[in-house]
Amino acid sequence: MIELRPYQLDAVDRVRAAIRGGHRRPMLAAPTGSGKTCVATHIVAAALEHGSRVLFVAHRRELIRQPFAKLVRNGIDAEQIGIIMAGVPLPSHQPELPLTNTDGDIWAALARRRPTAPIQIASIDTLRNRAKPPADVIVIDEAHRTLARSYRALLDEYPAAVVLGMTATPTRTDARGLGEVYDELVVVASYGELVTQGFLVEPRVWTVPSASLPDLSSVRVKGGDYDPEELERACNQGGLIGDLVDHYARHGNDAPAVVFAAGVEHSRTICARFQAAGIAAVHVDGTTPVGERDAALAALADGSVRVICNCDVLTEGVDVPCIKTVVLARPTKSVRVYLQQVGRGSRPHGDLPFVVLDHAGCAVEHGLPQDDREWSLEAKPKRRGTSRGAPVRTCPGCFAVLPIGTTVCPECGTELAPAERGAPKEHDGRLVEARPLTTEERRAAWDAIVADWREQNQHRPYPRKPGWCWYEYQRKYHTKPPAGCRAPALTSDELAARARLEGLQQTASARGYAPGWVHVQMASAARDGEPCIAGPSAGQLGGGEADFIPPSRAVA
């Protein structure tokens, strides 16, 4: 039997309480390495004891193998567990092997297709083309994927079932809210809490100084993250900071490492660099056979390989505790991708420290992995100004902006070399260590933001609300302000200015003026030297007799 940790027992109780409270689709959120599968296997075992049939769904082979092995370890007879996935034989098609305690050997010895078993563990890609087994409880691993059409179609087949989603990162790159499917979020514990309890390891992060980050302003954003092809092109122009091999030798503790590259060719290039330096390295990608990929991870665990290079293959579903160095060589706008990749090294293993070598500035973009984060099932507002049209290039002769495929500048006749599409270049430079702020530093940062807010209000047509300080702190530091920090109060002048603004807004609404009219009125008063609080009060504005002509309706 698998003995649950205290926070895992609490997670089981809270999920059950949510279901008893009428929530039919709770989502369980816990950091990578916290043992969500162990929690799920206890819930599944209890459901089996009550006569329920269970369907466990995931999208990758590794995520099918792990729950099967843990259910067997938890005392459930393998004959009660069926596998729905291509390549898995029927019970009579393969002799049983000697059973050991490793996930791989348990899988090889006992995993079979058993169509009538009360527990079915299924690959979503296989299941959508098969007859659906009966189920009273459905468990979905990596549940941030549940909004995909294949998962939604599956859930439509089970309108009465209880659905439990599990993920380390309950957020999506496309900003859609997981509340479209789930009705309750159960957050087990934060990364920092599990570090304090000794169940996860706090990383030492080396990252790129802000001033040295590559310029990604020309890269389109698709589905909430950088377009892969344009990302490689931009990294090739802007480059990565620091020599990956040199920094691994300097800071990586000679520990088993996984490298996340910007593309397949970039991954191959990095692998060749490590090999040329005498460091045993292998490359895997989506076309690598499953057996070779498993062998590469086994070689990393036994020490015959030191580095595995990949592009988005090992982001999820990899449980290899020996990984103690994570190299980030691809920028991402997705906090989910960032945390999933870094999480490959978060499990305790021996005495080696956990190191993140962030050559892509992800820690600058998203904060440290151990920072407190607030999760929600609600949709997030989409970022503005991050998407653009077709990619462009700049003529070196006249600096004209041209389509990316241009070979001769139509303005000055300069011949342009074809745009390079190879692996990102690396520039000289050193990574710097990123560490958590102390409580004193966090309070000083809050005070600085409040002072900046107060200063900006002296030069704006109307003052920002105090809540701006809160959001600005979270934007900069990716965590909440420390305890005891309170939003500042508006002065009497600022309150009067806000009242004037609200009065103008009421007037604009009552008279049907264009949205920009209010700002024009406030800005005009500021340009004329009038103080922000000058002019009639909010009440006077609401009932005044003056006729205003909004700019959009002015006649030339």
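Worth a mention:
- On full extension, the segment bounded by ALA153 and ASP174 gains 5.6 nm, given 0.36 nm per residue less the C-alpha separation.
- Binning all Cα-Cα separations of the range 446-529 at 5 Å, short to long from zero, yields these whole-percent fractions: 3, 13, 21, 19, 16, 13, 9, 5, 1, 0.
- Based on Cα contacts under 8 Å between residues 6+ apart, the range 456-510 shows a relative contact order of 37 percent.
- Taking a sphere under 14 Å around the Cβ of ASP254 and counting the other residues whose Cβ falls inside, with K and R at +1 and D and E at -1, yields a net charge of +1.
- Cα gyration tensor shape for the range 272-362, rounded if a/c is under 1.5, else prolate or oblate: rounded
- Each peptide among 442-448, 201-207, 281-287 gets the average number of other Cβ atoms lying within 10 Å of its residues, and from highest to lowest they stand as 201-207, 281-287, 442-448.
- Taking 7 Å steps out from each Cα toward its Cβ at ALA487 and ARG460 produces label points 1.2 nm apart.
- Considering the range 79-175 at the alpha-carbon level, its Rg and Dmax are found to be 15.3, 48 Å.
- Label sites at ASP447 and GLN80, each approximated as a point 7 angstrom past Cα along Cα to Cβ, lie 6.1 nm apart.
- Extension reserve of the GLU415-SER304 stretch, reckoned as 0.36 nm per residue once the Cα distance is removed: 35.0 nm
- Tensor-based shape of the range 248-302 (alpha-carbon gyration tensor, a/c under 1.5 rounded, otherwise prolate or oblate): oblate
- Computed from the C-beta positions of ARG130 and VAL290, the FRET efficiency with R₀ = 22 Å rounds to 0.65.
- Antiparallel %, DSSP beta bridges [both residues in the range 31-162], to 5: 0
- Evaluated on the range 1-75, the Kirkwood hydrodynamic radius is 13.1 Å, with distances taken between all distinct Cα atoms.
- Annotation: amide H of PHE56 within the under-5 Å range of GLN120, ILE121, ALA122, VAL139, sequence separation 5 or more or interchain, hydrogens built in the peptide plane.
- Scanning residues 5 or more positions from ALA168 or on other chains, those with amide H under 5 Å from its amide H are ALA30, with H placed 1.01 Å from N in the peptide plane.
- Given LYS333/LYS380; LYS333/LYS465; LYS324/LYS480; LYS132/LYS380; LYS380/LYS480; LYS380/LYS476, the pairs whose alpha carbons are separated by over 22 Å: LYS333/LYS465; LYS324/LYS480; LYS132/LYS380
- Environment charge of ALA445, counting only residues whose C-beta is closer than 11 Å and scoring Lys/Arg +1, Asp/Glu -1: -2
- Taken along the Cα-to-beta-carbon direction at a fixed 7 Å, the label points for GLN506 and ARG220 span 4.7 nm.
- Between the residues GLN275, ALA249, VAL335, the greatest Cα displacement towards the positive end of the dipole of the range 233-364, with unit charges on the Cβ of Lys, Arg, Asp and Glu, is found for VAL335.
- Here the 3J(HN,Hα) profile of the range 244-254, calculated from phi with Karplus coefficients 6.51, -1.76 and 1.60 at θ = phi - 60°, is 4, 5, 4, 6, 5, 5, 7, 10, x, 6, 6 Hz, Gly and Pro shown as x.
Read-outs throughout are calculated quantities, based only on the coordinates presented, and are distinct from any laboratory measurement. Everything numeric here is computed off the predicted structure, so don't read it as measured data. When we count neighbours, we look across all protein chains shown, and the Cβ atoms used for this are built from the backbone with ideal geometry, even at glycine.
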